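Written out below as structure tokens is the structure these notes cover.
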């Protein structure tokens, strides 16, 4: 799922070694995952590298919709304010029940940290810090606010590679713990 998400977000071809490095996966693991993706027609492989197919986009959208989470942006800029080298912003459909527990699960799955926020009075509010995202990074907040609806929870997860920064996918989809209520 992380490979498909990465290919969908970057909208470009990538080589196996590059994917392995960016996602923090071993080359053997990456090769096997790519073989599975190719068998299922989720990716195409050619001299230019690996590219997500329309079937892959559809499959990814279906899985992520079932989990209620969608990666919407990645950036190295926000990691300066949080941690790691790269951050991925996700929109989660609905509230996160226990924010501290949710953040801790992201860290257990490889993320070095996470910001969990929601819209409040026209701003992106970060409850654990009792502040607005606009006060940390107004440009990022503006870009994300245009993607958010009232029902969404914003999750910005960071890591030393994209695989770690995509830890919320593991928490929500693989562990099937949407929102960690309670």
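Values in this text are rule-based calculations from the coordinates and carry no lab data. Note that the coordinates shown come from a computational prediction; the quantities given were computed from them, not determined experimentally. Note: ideal-geometry Cβ built from the backbone for every residue, glycine included; neighbour counts use all protein chains shown.
Give the calculated FRET efficiency between residue 135 and residue 76 to the nearest 0.05, with a Förster radius of 22 Å applied to their Cβ-Cβ distance.
Given R0 = 22 Å and the Cβ-Cβ separation, E is 0.60.
Report the relative contact order of the range 63-167, percent, no decimals, based on alpha-carbon pairs under 8 angstrom and at least 6 residues apart. Write out the running numbers ahead of the final one.
On the way: 203 pairs, mean separation 36.8, N = 105.
Reported as a whole number, the value is 35 percent.
Could you sort the peptides 99-107, 7-15 by per-residue average Cβ neighbour count (10 Å cutoff), highest mean leading?
On the way: 99-107: 19.1, 7-15: 15.4.
Per-residue mean Cβ counts within 10 Å order the peptides as 99-107, 7-15.
Please compute the modelled spin-label separation between residue 101 and residue 145, points set 7 Å along Cα→Cβ, answer in nm with one decimal.
3.2
How long is the gain from residue 160 to residue 27 if the chain were fully straight, where each residue apart is worth 0.36 nm and the alpha carbon distance is subtracted?
Details: separation 133, 0.36 × 133 = 47.88 nm, distance 1.74 nm.
The residue 160-residue 27 span can extend by a further 46.1 nm.
Using a Förster radius of 25 Å, what is the FRET efficiency between residue 121 and residue 83 based on their Cβ-Cβ separation? Nearest 0.05, please. Could the numbers behind the result be given before it?
On the way: r = 28 Å, r/R0 = 1.12.
After rounding, the FRET efficiency stands at 0.35.
Can you tell which of 74, 18, 125 shows the greatest fluctuation in a Gaussian network model of the chain with Cα springs below 10 Å?
18
With N residues in the chain, what two-decimal value do you get for its Cα radius of gyration over 2.2 N^0.38 Å?
Numbers: Rg = 16.1 Å, N = 182, 2.2 N^0.38 = 15.9 Å.
That works out to 1.01 for the chain.
How far apart, in nm, are two points set 7 Å out from the Cα along the Cα-to-Cβ line at residue 18 and at residue 128?
It is 3.3 nm.
Gaussian network model of the chain, Cα springs within a sub-10 Å range: biggest mean-square fluctuation belongs to which of 81, 70, 22?
In the Gaussian network model the winner is 81.
Among 47, 109, 17, which one shows the biggest mean-square fluctuation in a GNM of the chain, springs joining Cα atoms closer than 10 Å?
47
How far apart, in nm, are the 7 Å Cα→Cβ label points at residue 10 and residue 61?
2.2
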